[in-house]
2 protein chains.
Amino acid sequence: MNAHRFSFYVPDLAPTDASVAITGDEHRHLAKVLRISPGESIHATNGRGLGVAATIESIGGAKTVARVTAVEERDPPRTRLVLALALIQRAHFETAVSQCVEVGVTEFIPVIAEKCHVREWTAAARGRAERVAVSAMKQCGRTWLPPIREPATVAKLAGAARDFARVVLGDAAGNAQAPRSGDDALAIVGPEGGFTEAEIAALAAAGAVRAAVATHRLRAETAAVVLCAALGRGI
Amino acid sequence: MNAHRFSFYVPDLAPTDASVAITGDEHRHLAKVLRISPGESIHATNGRGLGVAATIESIGGAKTVARVTAVEERDPPRTRLVLALALIQRAHFETAVSQCVEVGVTEFIPVIAEKCHVREWTAAARGRAERVAVSAMKQCGRTWLPPIREPATVAKLAGAARDFARVVLGDAAGNAQAPRSGDDALAIVGPEGGFTEAEIAALAAAGAVRAAVATHRLRAETAAVVLCAALGRGI
């Protein structure tokens with residue numbers, strides 16, 4: 001059902017709702033870009049496991065209303081796959097968020113590392129990253145929206161790392177062996193200039209294993225998707 | 001040597017050259033963007049296995065000259081890893097080229113499939129894709145530039161597939177098992193709307209195995225990098 005061609009994000013959708021009201025950007029996209037007509041079938045999700053199929057009843061100036069025809073509730077992902085990604089150029093950070101939602105990341109932590117050129121995490125940056133995550137969630141037919149946490153320092157990240165069975169630091173100088181999947185995992189990817197030796201030592205002391213995810217150096221966003229895909233699908 | 005911070009593409013560089021002349025865009029980037037000074041050390045490659053370290057001697061209006069201090073010649077990649085990617089939106093195609101150069105693709109074939117919305121492959125499109133490939137090659141310290149071939153129809157691609165030990169079609173409906181690496185491989189990724197049943201049948205008849213590279217549907221450019229990373233590093 002949720003592999004539907006037209007999918008919309010409706011955060012306040014509830015399992016007992018007989019109809020869906022689509023407003024704001026999602027309404028404008030439906031009406032002006034996709035030019036969907038009454039009678040057409042859509043999919044909507046609240047990003048918390050609920051997905052519904054619905055038939056468009058009316059498209060107004062500010063709101064689309066659709067009648068729910070089927071409801072599906074999904075359990076949250078059984079295992080956590082958290083990506084802690086250093087703040088990098090905005091467009092690259094957003095590429096990583098988009099691709100990593102597709103391959104199954106369940107949560108994002110922006111990381112402020114010593115060599116980060118980008119050091120600010122504004123409300124606007126967070127809003128854009130969230131919109132990218134929503135778009136990727138809809139695109140790949142998922143119904144759980146991965147939250148984007150507040151930024152963490154490397155010291156704070158090292159503290160959080162102790163909760164995970166597997167902590168993998170993508171690192172061209174690391175072990176070439178592919179990480180194995182299974183338990184909750186924390187994937188860590190540094191800024192373009194890499195983590196400092198002290199940062200790597202702090203993460204290693206917290207249990208992080210250094211893994212090279214390719215034979216050559218990768219850009220941060222490429223390392224993120226390749227590492228998370230490997231951690232997510234058990235290869 | 002070729003993990004140098006400043007790397008330049010000089011297609012006519014020869015192993016016996018005592019100096020490197022950097023012209024055109026590469027010269028402008030060096031002089032105006034990176035603001036490199038005489039005396040600084042750079043890396044240059046001809047994209048055909050030759051990498052040199054060099055020290056900047058002079059930076060003129062149209063040309064930078066650097067004295068070669070070390071030469072390294074690398075054999076071509078031992079195995080071919082070819083990505084046949086359907087024509088998709090330009091920015092997405094270029095993201096795929098960039099990321100797939102990083103993970104080790106040795107050759108690209110744009111594919112014109114029935115459901116491609118983009119059907120034109122202009123000289124400008126080719127030029128942009130080549131610049132993206134050059135940039136990624138330099139970024140990840142490779143010295144062999146993957147060529148971007150002329151576009152192929154699915155029928156032509158099926159003919160070419162017979163030369164490969166492994167032909168893998170990224171397909172959400174495919175076998176979930178990860179493809180194994182080793183021999184020459186051809187990775188095939190379709191347009192956003194997928195290949196038609198007839199196209200899939202033609203590729204399967206030519207030996208293509210359908211493999212799901214993630215648990216959910218992926219965008220074409222994400223499928224490309226995840227599939228090629230898996231094929232490239234033996235996991």
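The values are calculated or read from the model by the stated rules, or taken from the named source; none is laboratory data. Since the model is a prediction, treat every value here as computed from it, not as a measurement. For neighbour counting, all protein chains shown are included, and Cβ atoms are generated from backbone atoms with ideal geometry for every residue, glycine included. What goes into the accessible areas is simple: the full protein's heavy atoms, side chains included, and nothing from ligands, DNA or RNA. Shrake-Rupley method; radii C 1.70, N 1.55, O 1.52, S 1.80 Å.
Find the residue count for region A:34-56, including only residues that are assigned to a strand (DSSP E or B) and open to solvent by 10 Å² or more (accessible area, probe 1.4 Å).
So the answer is 4.
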Some residue of region B:148-169 being of a type outside the set (D, E, K, R), outside any loop (DSSP other than H, G, I, E, B) and within 28 Å of A:Ser135 (Cα to Cα): yes
Residue tally, condition among the aliphatic types (A, V, I, L, M) and under 14 Å from A:Ala91 (Cα atoms), over region A:108-141: 6
Single residue of region B:205-217 satisfying the filter (under 22 Å from B:Ala229 (Cα atoms) and more than 14 Å from every other protein chain (Cβ to nearest Cβ)) that is surrounded by the most Cβ atoms within 10 Å (Cβ to Cβ): B:Ala208
Condition met for A:Leu50 (touching a Cys at 6+ places or on another chain (Cβ under 9 Å) and modelled with pLDDT of 95 or more): no
Checking A:Ala229 against (1) open to solvent by 30 Å² or more (accessible area, probe 1.4 Å); (2) of a type in the set (Gly, Ala, Ser); (3) within 14 Å of another protein chain (Cβ to nearest Cβ), the condition it does not meet: (1)
Subset of region B:1-33 that is modelled with pLDDT under 90 and open to solvent by less than 60 Å² (accessible area, probe 1.4 Å) - its residue that is farthest from B:Gly60 (Cα to Cα): B:Asn2
